[in-house]
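A quick write-up on the structure given underneath.
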């Protein structure tokens, strides 16, 4: 992995850098507890971005930016078509609103542009995200009703539980993977005896929120990412041939196992009940006879996937319009798509939602955008293209964290969909913008054949 940067990238003249930095911090901290504050932060970032004027010319030659603009143009045209040809006024309003939400995913570009000016500050933005999640949870917690049964119930008073599992899981990974970089400024300071316990408490809180989400997809994704991180840690230690580094790696894994074990023991009964609740459904699936009246969590998803795939194949190329799956689920009248007393809101699969709403064309454009961001970030982390000056390399922990977050999110999206919800959009902006910032930082660093973004 690359070494940490030794210096900041040159900041542009004038007050724009300060405005953008304030906007980045405000957005990262408030993304999960105040839509208004997060929007204000993003507005500051976008205004500073637009004010850059001619300095942005080189950015429009970036492949990822071009594909992002092409995706936005496609969504705009497709949404206009369905707005004019919608079967009901409500359908038209949903298409217009959700189409705009898909286009807002492009806000990762101004976020990444400004984050690239201070790439080693990005872990700090991710820490602010975790702190904001903790603040929102504490603010929503009913302290008077807190009892022993709190740990056996799904927490629904804050974020949607499936989203809570995603954000808490990725935040816990960030606190683990980037602990050395985040704690480095206080390790020798007078506040270390206060900061270190507070950091450990924040990590434990993220693990507890992950448990309280009762989201099996988040649990499994988190376990997979922990295994991947452990494997990466051991491979790096063994490759270096340094026994001290190997001992530190093993010590880290032991610490993680202890923290995770503590969280599991605190919630053992809930975990056992939640993971064992689908035994009957799994038996029906194994026998190839899933009952239509089965309303378990897994069964509802399978019914939704079957319905969504069949309807998507009627319009495979251009889809049914942004945000349209909920309308067609209700219009079908299929009782197997009802969860208790309400219809399913979506197909519970982000990939299928993309194909259903935007068609194969929209799905291909979006996956191409993700691939380009991942490719550029990977090249920045590996220092592709020849020798790099030390200040041009991103923090190793950030590269690992972005890899683990991508794996977590890719697994989570198999069973859930929040790409166009405000919290999902904010999360995408933070992760995609951070990943793209590493590429832009490398591209704009001083050196031969380098130009400012």
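The values are calculated or read from the model by the stated rules, or taken from the named source; none is laboratory data. All values derive from a computational prediction rather than experimental measurement. Cβ atoms come from the backbone with ideal geometry, glycine included; neighbour counts cover every protein chain shown.
Of all residues in the range 221-249, those satisfying the criterion of being more than 26 Å from residue 167 (Cβ to Cβ), at pLDDT 70 or above and exposed (fewer than 14 other Cβ atoms within 10 Å of the Cβ) are 235, 238, 239, 247. Scanning the range 148-169 finds one or more residues that are farther than 29 Å from residue 413 by Cα and over 23 Å from the mean Cα position of the chain (by Cα).
Let me confirm something: among 134, 148, which residue is at pLDDT 85 or above and either surrounded by fewer than 21 Cβ atoms within 10 Å (Cβ to Cβ) or out of contact with any helix residue (DSSP H, G or I) (no Cβ under 9 Å at 6 or more places or on another chain) (or both)? Please lay out each step first, then the result.
Values: 148 fails: at pLDDT 85 or above.
Every option except 134 fails the conditions.
In a helix (DSSP H, G or I), within 23 Å of residue 43 (Cβ to Cβ), modelled with pLDDT of 95 or more and in contact with a helix residue (DSSP H, G or I) (Cβ under 7 Å, 6 or more places away or on another chain), is that true of residue 100? For residue 100, the condition - in a helix (DSSP H, G or I), within 23 Å of residue 43 (Cβ to Cβ), modelled with pLDDT of 95 or more and in contact with a helix residue (DSSP H, G or I) (Cβ under 7 Å, 6 or more places away or on another chain) - is not met. Anything in the range 76-92 that is surrounded by 17 or more Cβ atoms within 10 Å (Cβ to Cβ) and either within 30 Å of the chain's Cα centre (by Cα) or farther than 15 Å from residue 318 by Cα (or both)? List them, or say none. Scanning the range 76-92 gives 78, 79, 82, 83, 91, 92.
Considering only residues of the range 358-378 that are more than 24 Å from residue 430 (Cα to Cα) and in contact with a helix residue (DSSP H, G or I) (Cβ under 8 Å, 6 or more places away or on another chain), which is surrounded by the most Cβ atoms within 10 Å (Cβ to Cβ)? By that ranking, first place goes to 359.
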